[in-house]
Amino acid sequence: MTTGDRKVQEMMLKDKVAVIYGAGGGIGSAVARAFASEGAKLFLAGRHLAFVEVVAKDIVSAGGSADAAEVDTLDEQAVDKHLQSVIDKASRIDISFNAIGIPNAKILGVPLTDLDAEQFSLPITTLATSYFLTARLAARRMVPNRAGVIMTVTAIHSREGIALVGGYGPAQAAKEALTRDLSAELAPQGIRVVGLRPNALPETRTIKDAFEPRAKASDMTWEQWQEMLASRTHTRRLMTLEEMANTAVFVASDKATAMTGTTVNLTMGRLDD
Ligand SMILES: NC(=O)c1ccc[n+]([C@@H]2O[C@H](COP(=O)([O-])OP(=O)(O)OC[C@H]3O[C@@H](n4cnc5c(N)ncnc54)[C@H](OP(=O)(O)O)[C@@H]3O)[C@@H](O)[C@H]2O)c1
């Protein structure tokens, strides 16, 4: 489509049906807003309805399409029932994005030698199981259409040794391995599976939560903590939620049909792939 000499940009996700889990959280809500602004029809899910409803209302007030639901992604039946309701309303699922995270107050800051087994395995089992269930149940609905994109979010811990983060490293590494394995099975059936690995996002509560235990140990201020993280990037600055969400839009779109079985390195140079 053109207006005079100027090409009018098509919306990148026009009419794509997207389910986002953890949509009330920092990353989930930013991805939801970005997907909506590119024309996606959103089905937002999270553990507490109130947080998800705030995001859905914002999107609808801005002229987008968003439905909100309370869904615990560790409850297989709840995820399945929700996906069936999406199919009933929208006929298909094009994108499944799992952005769940878990509170970490009891885990971060504790040396591995002092961490009990239950606390150690909590992020591993929670994040891997949630991603497995949401991916598997979405894939079953995508396979008949021979199309779809399954996405998640990991972190630097998947590839770099970091002290005092309990089982978060193995948890993020497990999600990246699952992304590769899902892709190996699903890409031949037309479904792409791609992760995003952002660097720290100072706008989110997660990175502030991570700062607290470290600050106590090292006497750093919030500003010094951010400067320290930024100094390890090539850009010497940290990433905005908008930058991360823009990449999510591209990966979810038909512009990225060559991408599958990988996790996009958004560490701004801190990790060398
Ligand atoms: N923030 C960063 O700087 C950063 C950087 C790299 C990677 N990551 C990763 O990205 C993910 C999301 O991070 P975030 O900062 O957006 O976290 P967040 O703001 O804490 O959001 C996480 C969301 O997940 C939801 N949730 C938790 N358990 C759930 C479950 N069983 N079922 C459904 N929803 C559930 C939470 O809902 P409730 O609040 O209702 O419980 C919350 O809305 C995490 O895995 C994190 O490690 C974050």
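The values are calculated or read from the model by the stated rules, or taken from the named source; none is laboratory data. Worth saying up front: this structure is predicted, and the values here are computed from it rather than measured. Here the Cβ is made from the backbone with ideal geometry for all residues, glycine too, and neighbour counts use every protein chain on show. Surface accessibility is based on the protein's heavy atoms, side chains included, excluding ligands, DNA and RNA. Shrake-Rupley method; radii C 1.70, N 1.55, O 1.52, S 1.80 Å.
Among the residues of the range 157-210, write down those that are touching an Asp or Glu at 6+ places or on another chain (Cβ under 7 Å) and not in a helix (DSSP H, G or I).
Step one: filter the range 157-210 for residues touching an Asp or Glu at 6+ places or on another chain (Cβ under 7 Å), giving 158, 195.
195, the sole residue that qualifies.
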In the range 197-251, the residues that are closer than 15 Å to residue 26 by Cβ and basic (Lys, Arg): 205, 208
Filtered residue count, the range 218-257, keeping only those that are open to solvent by 90 Å² or more (accessible area, probe 1.4 Å) and within 12 Å of residue 270 (Cα to Cα): 4
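Yes/no matrix, rows are residues, columns are (1) closer than 28 Å to residue 207 by Cα; (2) open to solvent by 10 Å² or more (accessible area, probe 1.4 Å); (3) at pLDDT below 95:
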residue: 16; (1), (2), (3): no, yes, no
residue: 20; (1), (2), (3): yes, no, no
residue: 27; (1), (2), (3): yes, yes, no
residue: 30; (1), (2), (3): yes, yes, no
residue: 39; (1), (2), (3): no, yes, no
residue: 61; (1), (2), (3): no, yes, no
residue: 65; (1), (2), (3): no, yes, no
residue: 80; (1), (2), (3): no, yes, no
Any hit, the range 187-207, residues being over 25 Å from residue 22 (Cα atoms) and of a type in the set (Val, Ile, Thr): no
Unique residue being surrounded by 14 or more Cβ atoms within 10 Å (Cβ to Cβ), among the polar types (S, T, N, Q), under 14 Å from the mean Cα position of the chain (by Cα) and within 11 Å of the ligand (Cβ to nearest atom) when the list is 126, 179, 134: 134
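Which residue out of 247, 235, 206 is out of contact with any strand residue (DSSP E or B) (no Cβ under 9 Å at 6 or more places or on another chain) and within 15 Å of the ligand (Cβ to nearest atom)?
The match here is 206.
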Residue match in the range 91-106 (condition: in contact with a strand residue (DSSP E or B) (Cβ under 8 Å, 6 or more places away or on another chain), in contact (Cβ under 8 Å) with a residue 12 or more places away in the chain and in a helix (DSSP H, G or I)): no
Residues of the range 86-113 satisfying the condition of being away from the ligand (no atom under 14 Å from the Cβ), closer than 21 Å to residue 29 by Cα and not aliphatic (A, V, I, L, M): 94
